[in-house]
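Below is one structure, written out as structure tokens; comments come after it.
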Amino acid sequence: MSVIEEPVPPPPITPGVARALSPLVRRIACEGEDGEPGLNTYLIGIDEIVIIDPGPEDEGHLDVLCGCGGDRIRWIVLTDTDAGYSAAAQELKKRTGAELIAPAGFDGADDVLGDGYKIDATEFRITAVASDDGSDGRFSFVLEQERTLLAGDHVDESGAPEGLPEKVKSYRIKSIAPGHGQYIENASSVL
């Protein structure tokens, strides 16, 4: 008789604590309301780091990001320009000297983020994928080496916006790192 093993649930998300999700991806959740986990901020890379969604301007969260990435933080990018995702971008840029890459019109950006924008680091490449034509300032990012979609709140367990699955089809996405909640190991269940 064979035993069917139940999948092991992921450990709970603890705000302010870095968690390695893969060899190149770490997640640090902001503290949300009532101490619950808020927005997920992602650190991609080891030798050179890109921060995706630095989050709200919260000194404690910024201290954790700088403590985990330090002088290796080279780039800051946003999945959304709403303050909940981006308010800490300017302060993080000041603290680290990182290049801020944001949609057109975002105050203090060093470069304009657009559909297909690439960041080539020493050990990875990420490519920006606009949710539509890019004019709404909403982006996801593909970490090509791990076939991971860093989706902000544009994709979650309930699905993806129309058109996005087709735009990322050629990357053969395996996993999804959402803006809130747990890492999604099986992207095909969503895309």
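When only the Cβ of Lys, Arg, Asp and Glu is charged (+1, +1, -1, -1), the dipole of segment 43-191 relative to its Cα centre reaches about 500 debye. Segment 106-134 and segment 30-87 have Cα centres spaced 16 Å apart.
Under a 5 Å amide H cut-off, with hydrogens placed 1.01 Å from N, A29 pairs with G16, V17, T41 among residues at least 5 apart or on other chains.
What are the trypsin sites (Lys or Arg not before Pro) within segment 121-177 that DSSP puts in a loop, where the Cβ has at most 12 other Cβ atoms within 10 Å? Could the numbers behind the result be given before it?
Working: sites: R125, R138, R147, K167, K169, R172, K174; in loops: R138, R147, R172, K174.
Answer in residue order: R172.
Checking (i) 35; (ii) 31; (iii) 22 against percent of Cα pairs over 27 Å apart calculated from these atoms, the matching label is (iii). Comparing mean-square fluctuations of I76, I119, I52 from a GNM of the chain with C-alpha springs under 10 Å, the top value falls on I119. Other residues with beta-carbon under 13 Å from the beta-carbon of G179 carry, at +1 per Lys or Arg and -1 per Asp or Glu, a net charge of -4.
Note on H180: accessible area approximately 90 square angstrom, rounded to 10, probe 1.4 Å, nucleic acids and ligands left out.
The values are calculated or read from the model by the stated rules, or taken from the named source; none is laboratory data. Please read all numbers here as calculations on a predicted model, not as lab measurements. We place every Cβ from the backbone using ideal geometry, glycine too, and count neighbours over all the protein chains shown. What goes into the accessible areas is simple: the full protein's heavy atoms, side chains included, and nothing from ligands, DNA or RNA. Shrake-Rupley method; radii C 1.70, N 1.55, O 1.52, S 1.80 Å.
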